[in-house]
Amino acid sequence: MMNLAWVVPLFPLGSFILLLLFGRRWKQRSAYVGIAATLLSLLWALVVLVDRLGGSTYEANWTWMTIGGVTLTVGISVTALNAWMLALVALVSWLVHVYSQGYMAGDERFSTFYAYLGLFTFAMLGLVLSPNLLQAYIFWELVGLGSFLLIGFYFYKEEAKAAAKKAFIMTRIGDVGFLIGMMLLFWQTHSFDYDDIFRAVGDGTLSPGMTTLAVILIFIGAIGKSGQFPLHTWLPDAMEGPTPVSALIHAATMVAAGVYLVAALFPLYEASHTAMMTVATIGGVTAIFAATIGLVQTDIKRVLAYSTISQLGYMMLALGAGSYVAAIFHLTTHAFFKALLFLAAGSVIHAVRTQNIEEMGGLWRRLPWTAPLFLIGALSISGVPLFAGFFSKDEILAAAWTNGPRLLFWLAVAAALLTSFYMFRLFFLVFSGKARHHEDAHEASASMVAPMFVLGVLSIASGYMQTPWFGSFLGEWLTDGAYRHEAAPGWIAVLATIVSFAGIFLAWLMYGAQKMPRDWLSARVPYVDELLRRHYYIDDIYRLTVVSLVSWISRLLAYVDRFLVEGLARLAAGIVGAAASAGSRGQNGQAQTYGAVTVAGLAILVVIFALTGGYWL
Amino acid sequence: MTLSAYLALALILFCIGLYGALTKRNTVIVLICIELMLNAVNINFVAFAKYGAHPSVHGHVFALFAIAVAAAEAAVGLAALIAFYRSRKTVHVDEANSLKH
Amino acid sequence: MSGTDIAFFLLALAAIAGGVTMLQLTNVVHMVIALVMTFFGIAGLYVLLSAEFVAVVQVLIYSGAITIIMLFAIMLTRHHTDQRERQTTGGVWHKAVAALSVIAFGLAVYFGIRQLDFGADGSALSGDNAKAIGKSLYSYYTIPFEIVSVILLVALIGAIVLAKKDGKGAEDE
């Protein structure tokens, strides 16, 4: 079945095209098209995955075009990683499709929403099947397009418009790095194919310096897409999009594409110690950096957005520390519990019609399904034992301890503490305490609860694929048996557990039981609080430096354009126009004018021949 | 007198005729300027008949043919002029401008 | 300077003067008369060129027939003369282009012909060239001669057809 893996992305594409053509007529029924298409994709992807579980890598290439001596190919590649991602993306996408039916109900552009979701799913599935960098790049950009369209879905809102543009531009900055890195690799190896590039690294065709440069450039692309520091600012703003979109694109799949890319090129990164250190450092810094900002956010989705950035930082840290398996494992569990958290947050927003957590409270009883599911997600992300997040985070911490610098390990531990704190701050603020005038708040429809329920189960169960106790099935499969569990000291798991419980306890003290004043810290160090509330002034710094510089340059160029370029264009147009009007004046029906022109031509010819001496010279 | 003197004279007359044909407004004058150009050509024929590489009477014959054709042309041209005048009440070339675009 | 040369210069002067006068005059009838001078001058040149027969034909056809028919045309078409009326077409540009082209053409050709001389002298043609032309026309040039007569016939009929008043036009007159 693996040779038919290319069919998987085609279902969402078909759904996209169908909905684009007939969506207006089908209206609310559009959802069934999208759901059916992604369900087919999911089933097919699962078949491929099962096939791959017992088989070996399948790769097929077709010639796309030949330019000189270079042949570009397109194809599919079903490696363990790709099959895994394929199933993961299809699953989350399907769940989000189902969920959106309830969440988006009544929206005027309901069918457009499903069409965009189809486009995005197609692109994402295509991305994880790509056997070469060029194809990956194409789908990478398509994914960015889907993200852009969906962030700006409520385009009549100024913030949504601005956020969509910001996301597009910020990721584009990263993509330029990706493109340059890709070109460098192609220049050196004459191939875009992953396998060829890996071979080139192996046999020394690719010099170490060039490898480092190229992979760091590609990593910049991953930074942009995965919202890593310093290109992370678009991701919190992207929460202007509909909540299911945040769950699918900006939590579970697209932002994980950066991690996937680094993982797919992992042999290349392994060849360069500098690159590994860069990845680990960026990841570690991002993890703690975003976690601290998450502490003070008041918008439920923004808290989750910063949490996403932080968790992606974890994955990068794991990759940088050399633990490919830990990164993919965390990617998987994160996809489940973060999608769950977002969908639950969507359900909350749906119920109370606000995103400000300070206006929420006491929703535990009103949302009997959402609240426990949110709790499961929060426990999972906090790394409470027996939940999925615990195992994957533990794996990352172990990898950071054994392979990474000590500082990054402690940063990761601190980020874990902060994670559990802000997640439970969120939980207590939203669900506990007194209900604040949300008398009509009620649980959402079954189509919204059911996907959350599935994700809730997976948020617990997915952890047991890779545990210190029951063996490391995922790792062995991903690495074709070469995987061995890191012999990390046992105290790391204990430490992680303590840390997560400490965070939860602290949050309970402040927000649950309210034994501790909320402004306990912010009152003592107000400037830190301010710093965090303003996201470390990163946006302001960008506005003052990059944005003002660019707008200054563009104003200058606008003048150049208006007066120089346009002047030249007008000159050219004027010359043509003058010639044309002169020519048309000649066409006046006057036989003598025609005769004069004819004689003038004859005279010119005669003079030329007289001067040159005739034809033969 | 040498050949080139006659040819130069013919050239001058031809140029006068050409200029007149291109600029005069009255159709009769345009036609008569064309006659002048034909005359200039006839001078060449006859001059070559005498001073050409092979003097012979053939040049005269050709001059006569040209005169005959010129006479025919003048007759037809003037007939056309009369017809034009009858329909447009003018003999000016620049008002015969409906054949355009 | 021989008598022939003087005659050439006088006749050439007459021919060119006729042409230039024609360009300068404003009255159409005067212009035609000026050209008659040119035609006569050319006829004289034909005599100098030992082509008496052609000279006579020139006088008959051009100075006589064509001039008269032109004058008839002028009389037939011109009901009222306005001397102040523009005599030339177009603007300054039109005239400038025409003049420049004609001058450039004339100069270029002039540089081609000014040294042309074959050194031959066909003075022997003089005297009985009418006989020679007649022989030539009826032997060597029989077919062209017949064709020219057809052309003249066609032109005659064509001219009649063109100039004939059609029924509707006649009523308008």
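Things to note:
- With Cα atoms defining each centre, segment A:252-327 and segment B:1-43 are spaced 95 Å apart in the structure.
- Projected area averaged over orientations for the protein assembly as shown, convex hull of C-alpha atoms, nm²: 61.2 nm²
- Modelled this way, with points 7 Å down the Cα-to-C-beta line, the labels at B:K89 and B:S56 are 5.7 nm from one another.
- Helix-only [θ]222 nm of chain C, DSSP H runs n ≥ 4, -39500 (n - 2.57) each, per residue, nearest 500: -23000 deg cm²/dmol
- Share of carbon and sulfur in the accessible area of chain B stands at 70%, probe radius 1.4 Å.
- Over all pairs of different C-alpha atoms in segment A:27-96, the reciprocal of the mean inverse distance, the Kirkwood hydrodynamic radius, equals 14.0 Å.
- Going by accessible surface with a 1.4 Å probe and the largest first, A:L417, A:L564 read A:L564, A:L417.
- Helix A:491-507 vs. chain A, principal-axis angle (Cα, 0 to 90°, nearest 10): 90 degrees
- Translational diffusion coefficient of segment A:1-130 (Stokes-Einstein, Kirkwood radius from Cα pairs, 25 °C, 0.890 mPa s): 161 µm²/s.
- Segment A:220-269 shape via C-alpha gyration tensor axes, a/c threshold 1.5: oblate
- Residues of segment A:399-413 with amide N under 14 Å of the 7 Å Cα→Cβ point at A:A502: A:410-413
- Accessible surface buried upon B-A contact (total; probe 1.4 Å; Å², nearest 100): 800 Å²
- Cα-based shape type of segment A:63-182, given that a ≥ b ≥ c are square roots of the gyration tensor eigenvalues and the cut on a/c is 1.5: oblate
- The alpha carbon convex hull volume per residue for chain C rounds to 194 Å³.
- Centroid-to-centroid separation of segment A:133-162 and segment A:1-38 [C-alpha atoms, Å]: 19 Å
- Couplings for segment A:402-409, taken from phi via the Karplus curve 6.51 cos²θ - 1.76 cosθ + 1.60 with θ = phi - 60°, read 6, 10, x, x, 4, 4, 5, 4 Hz in order; Gly and Pro are left as x.
- Taking the three principal axes of the alpha carbon atoms in segment A:131-515, the coordinate ranges are 68, 52, 33 Å, sorted in descending order.
- On association of chains A and C, roughly 700 Å² of accessible area becomes buried (total for both chains; probe 1.4 Å).
- For chain B, the longest principal axis of the alpha carbon atoms and the long axis of helix B:27-51 meet at an angle near 10°.
- The 1.4 Å probe gives accessible areas that order B:C15, B:C33, largest first, as B:C15, B:C33.
- Where only alpha carbons of segment A:229-352 are counted, the Rg and the Dmax (Å): 14.5, 52
- Near A:M452, once Lys and Arg are set to +1 and Asp and Glu to -1 for all other residues with Cβ below 15 Å from its Cβ, the sum equals 0.
- Classified by the C-alpha gyration tensor, segment C:1-76 has an oblate form. Its axis ratio a/c, with a ≥ b ≥ c, is 1.5 or above, and a/b does not exceed b/c.
- Inter-chain Cβ neighbour average for residues C:139-148, partner chain, 10 Å: 2
- Pairs from B:K24/C:K164; A:K166/A:K301; A:K393/A:K515; A:K225/A:K338; A:K27/A:K225 whose Cα-Cα separation, in the structure shown, is over 24 Å: B:K24/C:K164; A:K393/A:K515; A:K27/A:K225
The values are calculated or read from the model by the stated rules, or taken from the named source; none is laboratory data. In this text the structure is predicted, and so the values were computed from the model without any measurement. Positions of Cβ are generated from backbone atoms using ideal geometry, with glycine treated the same way; all protein chains shown enter the neighbour counts. Note: areas computed on protein heavy atoms with side chains; ligands, DNA, RNA excluded. Shrake-Rupley method; radii C 1.70, N 1.55, O 1.52, S 1.80 Å.
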